[in-house]
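Novice: Quick one: the structure is below, questions incoming.
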Amino acid sequence: MNTVSKNMSLINYLKKSGFIKTKKVEDAFLNVDRSLFVLPQHLDEAYEDKPLPIGFGQTISAPSIVAYMTELLEVDEGNKILEIGTGSGYQTAILSYLVKERGLIISIERIRELSEMAYKNLEKLSLYKNVKLIVGDGSLGYEEDKPYDRIIITAATPSIPNFINTQLKNNGIAVLPIGTLDEQRLAIIKKDEFGKIEIHYDISVIFVPLIGYYGFKLSNDKTN
Ligand code: SAH
């Protein structure tokens, strides 16, 4: 099987299992080949529905969770999105495809080498023009480009960070995993037109930790 048909069968599986729900998210998955975002030694597993190591103790998320969170985020063309935890850049690429040229993705990663790898990965698809990659502590959000239409955190977060309230636009949506180091629930946060916040807790997930000021503090963390 070639890469296109392997990607097609992954997409068919994601549709059948209900992770991909809309045509636009399906289109994004058709255009963003996951094999461009995995390490060479994991190429043969690129289309399997599981997270894979990307170095520095971090992982590229499973395609099903990327699809699921993307659907929850209800991305529109032209959106300005803040993403915390760039990692491989796979989720970044999906979002970049969805917001098109008029939109903007600001993605923060604390490990410089990963941010640089993500940039190279995004370049392969020419999906870097509407993407701004920042190296820093995303647990504080990113004041400079606020407010955001959408916010996504792809690392386990101990509690809802303050910046979600202050940096999310009215009518905005944020999706993030909230919980302990062992297990989290996906939180969907919606701000209404008056700025009132509603939080809904969805499925259980397991992410690598958000490390930083409003994240977890790991005493034996070697990636600092
Ligand atoms: N969406 C990415 C997931 C990467 S894993 C992918 O599918 O490839 C989560 C990432 O969050 C890791 O790369 C980790 O280094 C990063 N991270 C952890 N704490 C962070 C923080 N405070 N600010 C920015 N990035 C952080």
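Novice: So what J values fall out for region 63-72 if you push phi through Karplus, 6.51 cos²θ - 1.76 cosθ + 1.60 with θ = phi - 60°, rounded to Hz, Gly and Pro as x?
Specialist: x, 5, 6, 5, 5, 4, 5, 5, 4, 4
Novice: Could you tell me the largest-minus-smallest coordinate of the C-alpha atoms of region 3-205 on each of the three principal axes, in descending order and whole angstroms?
Specialist: That works out to 46, 38, 36 Å along the principal axes.
Novice: Here's something else I'd like to know. With the crude spin-label approximation of a point 7 Å out along Cα→Cβ, what separation in nm comes out for GLU113 versus LEU218?
Specialist: Distance between label points: 1.4 nm.
Novice: While we're on this one: Provide the per-residue ³J(HN,Hα) series for region 102-112, in order, calculated from phi with Karplus coefficients 6.51, -1.76, 1.60 and θ = phi - 60°, each as a whole number of Hz, with x at glycine and proline positions.
Specialist: Ordered by residue, 3J(HN,Hα) equals 6, x, 8, 10, 9, 10, 10, 9, 7, 9, 3 Hz.
Novice: Still on this structure, I have one more. Can you classify region 89-219 as rounded, prolate or oblate using the Cα gyration tensor, where a ≥ b ≥ c are the square roots of its eigenvalues, rounded means a/c under 1.5, and otherwise it's prolate if a/b beats b/c and oblate if not?
Specialist: Details: a/c = 1.69, a/b = 1.17, b/c = 1.45.
Cα axes put region 89-219 in the oblate bin.
Novice: Residues of region 160-224: accessible area per residue at 1.4 Å, in Å²?
Specialist: Accessible surface, normalised per residue, equals 59 Å².
Novice: ILE105's amide H: which non-local residues (gap 5+, or another chain) put their own amide H closer than 5 Å, with H modeled 1.01 Å from N in plane and none for Pro or chain starts?
Specialist: ILE81, VAL131, LYS132
Novice: For region 153-210 and region 87-152, what is the separation of their Cα centres, given in Å?
Specialist: 18 Å
Novice: In debye to the nearest 20, how big a dipole does region 103-221 give about its Cα centre with +1 on each Lys and Arg Cβ and -1 on each Asp and Glu Cβ? Walk me through the numbers before you get to the answer.
Specialist: Details: 14 positive and 16 negative charges, 44 e Å.
Computed charge dipole of region 103-221: roughly 220 debye.
Novice: Within 10 Å of each candidate Cβ there may be at most 14 other Cβ atoms; applying that plus a DSSP loop requirement, which GluC sites (Glu not before Pro) in region 77-142 survive?
Specialist: Values: sites: GLU77, GLU83, GLU101, GLU109, GLU113, GLU116, GLU123; in loops: GLU77, GLU101.
Loop-located and lightly packed - GLU77, GLU101.
Novice: Got a sec to turn the phi values of region 151-159 into Karplus ³J(HN,Hα) couplings, 6.51 cos²θ - 1.76 cosθ + 1.60 with θ = phi - 60°, whole Hz, x for Gly and Pro?
Specialist: Calculated HN-Hα couplings, in order: 10, 10, 10, 10, 8, 4, 10, x, 7 Hz.
Novice: Using a Förster distance of 35 Å, how high is the FRET efficiency between PHE194 and THR3, based on the Cβ-Cβ distance and rounded to 0.05? Mind showing how you got there, number by number?
Specialist: Details: r = 47 Å, r/R0 = 1.35.
My answer for the efficiency is 0.15.
Novice: Skipping prolines and chain starts, which residues have an amide H placed within reach, meaning under 5 Å, of the one on ILE20, given they are 5 or more residues away or on another chain?
Specialist: Here the answer is LYS15, since their amide H atoms fall under 5 Å of that of ILE20.
Novice: Using only the alpha carbons, work out the radius of gyration and Dmax of region 45-133 in angstrom.
Specialist: 12.3, 34
Novice: Can you tell which of ILE81, ILE189, ILE197 shows the greatest fluctuation in a Gaussian network model of the chain with Cα springs below 10 Å?
Specialist: Maximum among the listed residues: ILE197.
Novice: Taking the Cβ of ILE173 as the center, what net charge do the other residues with Cβ under 12 Å away carry, scoring Lys and Arg +1 and Asp and Glu -1?
Specialist: Values: positive: ARG150, LYS169, LYS190, LYS191; negative: GLU71, GLU74, ASP76, ASP149, ASP192, GLU198.
Neighbourhood net charge equals -2.
Novice: In debye to the nearest 20, how big a dipole does region 3-205 give about its Cα centre with +1 on each Lys and Arg Cβ and -1 on each Asp and Glu Cβ?
Specialist: Details: 24 positive and 28 negative charges, 70 e Å.
My answer is approximately 340 debye.
The values are calculated or read from the model by the stated rules, or taken from the named source; none is laboratory data. Every value quoted in this text rests on a predicted model; they were computed, and no experiment measured them. Positions of Cβ are backbone-derived with ideal geometry, glycine not excepted, and every protein chain shown enters the neighbour counts. Keep in mind that these areas ignore ligands, DNA and RNA; they rest on the heavy atoms of the full protein, side chains included. Shrake-Rupley method; radii C 1.70, N 1.55, O 1.52, S 1.80 Å.
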